[in-house]
Amino acid sequence: MTAPDLVPVPIPDGVAALIGSCMPRGVLQAEIEAECAAREAMRFRAPFCSEDHADREHALALLSRANKILAAYNPGLVVRPGGPR
């Protein structure tokens with residue numbers, strides 16, 4: 001089975017909490033920030049006005065900062081805007 005064939009499966013809250021308790025707090029916070037920043041970056045669609053462009057760039061900068069922390073902990077946790085992790 002290749003990666004594009006995989007279907008995301010929801011994780012129960014209890015399992016997610018157990019996984020989160022095994023991770024350092026900074027990595028967990030970076031994962032939350034990366035997910036939020038990726039969603040925010042994809043909210044803007046071209047053509048951009050100057051304010052939208054600045055807001056999108058800010059969201060991408062936040063995503064990049066969070067991804068540096070995630071990649072240092074585990075490269076598989078990196079979040080990409082508009083796509084699967």
When you check Ser21 against the structure, is it at pLDDT below 95, open to solvent by less than 100 Å² (accessible area, probe 1.4 Å) and not aliphatic (A, V, I, L, M), yes or no?
yes
Total residues in region 35-60, condition among the small types (Gly, Ala, Ser) and either surrounded by 15 or more Cβ atoms within 10 Å (Cβ to Cβ) or closer than 13 Å to Val79 by Cα (or both)
4
Within region 24-34, considering residues that are in contact with a helix residue (DSSP H, G or I) (Cβ under 8 Å, 6 or more places away or on another chain) and of a type outside the set (Gly, Ala, Ser), the one most open to solvent (accessible area, probe 1.4 Å)
Glu33
Within region 30-51, which residues are more than 11 Å from the chain's Cα centre (by Cα), part of a helix (DSSP H, G or I) and of a type outside the set (D, E, K, R)?
Met42, Ser50
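The values are calculated or read from the model by the stated rules, or taken from the named source; none is laboratory data. Predicted model, so just to flag it, every value in this text is computed and none were measured. Using ideal geometry, Cβ is built from the backbone for each residue, glycine included, and neighbour counts are taken over all protein chains shown. Side chains included, ligands, DNA and RNA excluded: accessible areas come from the protein's heavy atoms. Shrake-Rupley method; radii C 1.70, N 1.55, O 1.52, S 1.80 Å.
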